[in-house]
Amino acid sequence: MKRIVILGVAIAFLAMFAGACHAADKLGYVDLGRLFDEYNKTKTYDKGLEAKQKSYETERDKKVNDVKALQGKIEVLSEKEKEAKRPEFEGKIKSLQEYQRVQETELRKDRDEKMKEILKDIEKAVSEYAKKEGFTLVLNDRVLVYQDKSMDITEPVLKILQGYYPAGK
């Protein structure tokens with residue numbers, strides 16, 4: 001009995017969706033990946049994140065070298081001297097691990113914030129173009145199994161998007 005009810009609801013939903021799609025005046029889709037990759041703000045943010053990543057890696061490498069140098073010094077010491085240096089060594093390792101954790105979390109958080117901002121801009125540009133041109137429905141090309149290239153509105157949306165954040169900004 002449950003299967004029949006579920007099947008009935010699914011058929012009704014599909015019928016409503018098909019009717020809505022059929023009644024739609026104008027449909028289009030965008031290549032979200034292309035909009036994201038070619039947007040000037042994405043390129044600017046990527047450069048900034050790359051610089052932060054390199055700075056982090058440089059500092060991390062210094063800390064790793066300090067740990068290795070201390071480890072090398074400890075290896076030639078007597079057992080008693082090794083025991084005395086062990087807390088310092090463990091402290092440097094903990095400090096390195098904490099630095100890595102904090103920096104990776106910060107980089108991830110920064111990247112996520114930038115992505116959200118960029119996706120909001122893309123959504124705004126798509127909405128602006130769709131309203132101006134009378135589109136009823138605009139989809140992301142990644143959810144489509146087949147798409148007619150005549151329905152691709154990526155290029156005009158990209159032009160609007162680039163107006164939000166011109167190159168060289």
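The values are calculated or read from the model by the stated rules, or taken from the named source; none is laboratory data. Treat the numbers as computed from the prediction; the structure is a model and nothing was measured. Counting neighbours? That spans all protein chains shown, and the Cβs are built from the backbone with ideal geometry, glycine included. These area figures cover heavy atoms from the full protein model, side chains too; ligands, DNA and RNA do not enter into them. Shrake-Rupley method; radii C 1.70, N 1.55, O 1.52, S 1.80 Å.
Look at the stretch 55-80 and say how many of its residues are among the charged types (D, E, K, R) and either within 33 Å of the chain's Cα centre (by Cα) or within 14 Å of Leu96 (Cβ to Cβ) (or both). Looking only at that region, the number is 8. Every test in (1) surrounded by 13 or more Cβ atoms within 10 Å (Cβ to Cβ); (2) in contact with a strand residue (DSSP E or B) (Cβ under 9 Å, 6 or more places away or on another chain) is passed by Gln162 save one, and that test is (2).
Within the stretch 140-158, the set of residues being modelled with pLDDT of 85 or more, under 22 Å from the mean Cα position of the chain (by Cα) and in a helix (DSSP H, G or I) comprises Asp141, Arg142, Thr154, Glu155, Val157, Leu158. So which pairs qualify, if the first residue must be in the stretch 128-144 and without any contact (Cβ under 8 Å) to a residue 40 or more places away in the chain, the second must be open to solvent by 70 Å² or more (accessible area, probe 1.4 Å), the Cβ gap must be under 8 Å, and the two must be at least 6 apart or on different chains? Sorted first by the residue in the stretch 128-144, then by its partner, the list stays empty.
Could you list, in sequence order, the residues of the stretch 129-139 that are part of a helix (DSSP H, G or I) and not charged (D, E, K, R)? If the condition is that a residue be part of a helix (DSSP H, G or I) and not charged (D, E, K, R), then Tyr129, Ala130 are the ones that fit. Scanning the stretch 101-119 for residues that are open to solvent by 100 Å² or more (accessible area, probe 1.4 Å) and either in contact (Cβ under 8 Å) with a residue 60 or more places away in the chain or touching a Lys or Arg at 6+ places or on another chain (Cβ under 9 Å) (or both) yields Glu106, Arg111.
All conditions in (1) more than 30 Å from Thr58 (Cα to Cα); (2) of a type in the set (A, V, I, L, M); (3) not in a helix (DSSP H, G or I) hold for Val126, with the sole exception of (3). Cβ separations smaller than 8 Å between residues 6+ apart or across chains give the following pairs from the stretch 88-100 residues that are closer than 10 Å to Val67 by Cβ and open to solvent by less than 50 Å² (accessible area, probe 1.4 Å) to residues that are modelled with pLDDT under 95 and among the β-branched types (Val, Ile, Thr): Phe89/Val67; Phe89/Ile74; Leu96/Val64; Leu96/Val67. When the criteria are applied in full, Ile122 meets the requirement of being out of contact with any Ser or Thr (no Cβ under 9 Å at 6 or more places or on another chain), open to solvent by less than 100 Å² (accessible area, probe 1.4 Å), of a type in the set (A, V, I, L, M, F, W, C) and touching a residue at least 60 places away in the same chain (Cβ under 8 Å).
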